[in-house]
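Let me begin by presenting the structure, written as structure tokens, before commenting on it.
All of the numbers you see were taken from the coordinates with simple rules; none came from a lab. Bear in mind that the values here come from a model prediction, so they are computed numbers and not experimental data. Don't worry about glycine lacking a Cβ; one is built from the backbone with ideal geometry, like all the others, and counts go over all protein chains shown.
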Amino acid sequence: MTATPRIAFLASPIDEAQRALAELIASHGQHEPADADILVALGGDGFMLQTLHRYGSLGKPVYGMKLGTVGFLMNQHGEGLLERLAAAEPAVLRPLEMVALTESGATVGSLAYNEVSLLRQTRQAAHLRIDLNGQTRLDELICDGVLVATPAGSTAYNFSAHGPILPLGSSVIALTPIAAFRPRRWRGALLKADTEVRFRVLDPYKRPVSATADSHEVRDVVEVMIRESMDRTVTLLFDPEHNLEERMLIEQFTSG
């Protein structure tokens, strides 16, 4: 990285983020993402995930500034950007790869930095079989849905579904049911990150199911395979006093 990094500023469409974008470009200039040393994303967590999906293949570190409603993956918006970038601590994230087979025979692939979720498409509960590394571990899960979350995503939808928060670097993923009806008391599982998880939809015509990798939805799936990506990582940058690992600890020791 050069002494004065080349920065690509990216912003969500909300007015506050657009105003900050104009001010930062006026102060620091603007570079195309492919030519930049650092990407600075202005918005909330949703915009950060969009940025990672769009530009993650460039391999550039991303520093987020919160200018949205939810900003767990973001730093606070404030002054002294160059100093903050120089002092920032990296967090390396490895996404999940999803490959979904649909009722029509199409195969759709996508990455998920937070989670892959399977959800019922109608008021009928989903009936799913779960295989791990080719071995059936649960013959039938009757539920509203189920998800597989990365450590970085474990504080998002996974946590809302009563799944565990996973430490960064733990090489573990969370398999968490959503409103499980049977087995009624099944709370999910912690799995090694290199586990291949395969869901089979047992009654796709009467009980259709969709699969969503972060915000990319595939409807009418009959089978979904999920595994940690072997060749893709992204690096997020955080202010040292409030890095991602610290935020995850705070989340676990905060009531309410």
For this session: Hey, could you get me the Stokes-Einstein D for the range 142-213, Kirkwood radius over alpha-carbon pairs, 20 °C and 1.002 mPa s, rounded to whole µm² s⁻¹?
Result: 166 µm²/s
Exercise. Considering only DSSP beta bridges whose two residues both sit in the chain, what percent are antiparallel, to the nearest 5?
Worked result: 80 percent
Problem set entry | Extent along principal axes [Cα atoms of the range 96-228; Å; largest to smallest] | 39, 31, 27
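Using R₀ = 25 Å, calculate the FRET efficiency as 1/(1 + (r/R₀)^6) where r is the Cβ-Cβ separation of Q18 and S215; round to 0.05. Before the final figure, lay out each step's value.
Details: r = 21 Å, r/R0 = 0.84.
So, using R0 = 25 Å, E works out to roughly 0.75.
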Exercise. So how much slack lies between L58 and R123, counting 0.36 nm per residue of separation and subtracting their Cα-Cα distance, in nm?
Worked result: 19.3 nm
For this session: Consider all pairwise Cα distances in the range 162-256 and report the whole-number % of them above 18 Å.
Result: 64 percent
Exercise. In whole Å, how far is the Cα centre of the range 1-70 from that of the range 203-230?
Worked result: 30 Å
For this session: With all distinct Cα pairs included, what does the Kirkwood hydrodynamic radius of the range 93-171 come out to in Å, to one decimal, could you say?
Result: 14.0 Å
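Please get the size of the charge dipole for the chain, origin at its Cα centre, with Cβ charges of +1 on Lys and Arg and -1 on Asp and Glu, quoted in debye to the nearest 20. Let's see the in-between values first.
Working: 24 positive and 31 negative charges, 219 e Å.
My answer is approximately 1060 debye.
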Exercise. How many nm is it between the label spots at Q135 and H242, if each spot is 7 Å from the Cα in line with the beta carbon?
Worked result: 4.5 nm
Problem set entry | Calculated log₁₀ intensity ratio I(q)/I(0) where the Debye formula runs over C-alpha points of the chain, q = 0.11, 0.13, 0.16 Å⁻¹ | -0.62, -0.83, -1.13
Seminar exercise, completed: The summed charge of the L81 Cβ neighbourhood (under 12 Å; Lys/Arg +1, Asp/Glu -1) stands at -3
Problem set entry | Most mobile of E223, E196, E23 in a GNM of the chain (Cα contacts under 10 Å) | E23
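State the three equivalent ellipsoid semi-axes of the range 1-121, derived from the C-alpha gyration tensor as the square roots of 5 times its eigenvalues, in descending order and whole Å.
Values: eigenvalues 182, 51, 34 Å².
So the three semi-axes of the range 1-121 are 30, 16, 13 Å.
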Seminar exercise, completed: The answer for N114, listing residues at least 5 apart or on another chain whose modeled amide H is closer than 5 Å to its amide H, is D214
For this session: Give, in nm to one decimal, the length gained when the segment between T233 and D35 is fully stretched (0.36 nm per residue of separation minus the Cα-Cα distance).
Result: 69.4 nm
